[in-house]
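Taking it in order: structure first as structure tokens, then the write-up.
The values are calculated or read from the model by the stated rules, or taken from the named source; none is laboratory data. All of these numbers come straight from a predicted model, not from anything done at the bench. Virtual Cβ from ideal backbone geometry, glycine too; neighbours counted across all protein chains shown.
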Amino acid sequence: MSLLTPDLGLLFWMILSFAIVFGILARFGFPVITKMVDERRDYIQQSLAKADEANRTLEGIKLKSEELLESARKRQTEIIKQATAHAGQIMQKAKEEAAAMGKQKLDETIRLIDMQKQKAIGEIRSQVAALSVDIAEKILRRQLDNTESHEQLVSQFLDEIEDSDIVKN
């Protein structure tokens, strides 16, 4: 018996045992293995289909988000334009109110100045009348009896002088 060439009996029993194991595997093992391979293939195909569906959904979401972003940008631009216009209106209104308030203050100041001027003119007039009477008394070296009528006369003279000054100016 040589190590390289098997015996005919050994060869027979090896083929017979191989055929029995192959038959058992073909009857019970291969269907299970085939079934598991088919299930795995179906699972992989379903996973790929779900992945494709998820990619399509993701693309749809991406498009919607881009549309929403564009819409938001347009809305933002519109809001900024409205805010700018509103700010311009507010500034214009504030300028107008400031101008009106300034005019009102100016008118009030002019009125106060006129009142002060009239008061000063009245005081000057009374002082001039008093001084005129005093001067007239000193000139005549006697005291006038009716100072009130003389003050009216001096006031009338001052009015005439003032009117003539106004006409000259």
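Checked against the criterion of being surrounded by 10 or more Cβ atoms within 10 Å (Cβ to Cβ) and within 60 Å of the chain's Cα centre (by Cα), the candidates MET14, MET91 yield just one match: MET91. Every condition in (1) modelled with pLDDT of 75 or more; (2) of a type in the set (Gly, Ala, Ser); (3) surrounded by 13 or more Cβ atoms within 10 Å (Cβ to Cβ) is met by ALA136 except one, and the failing one is (1).
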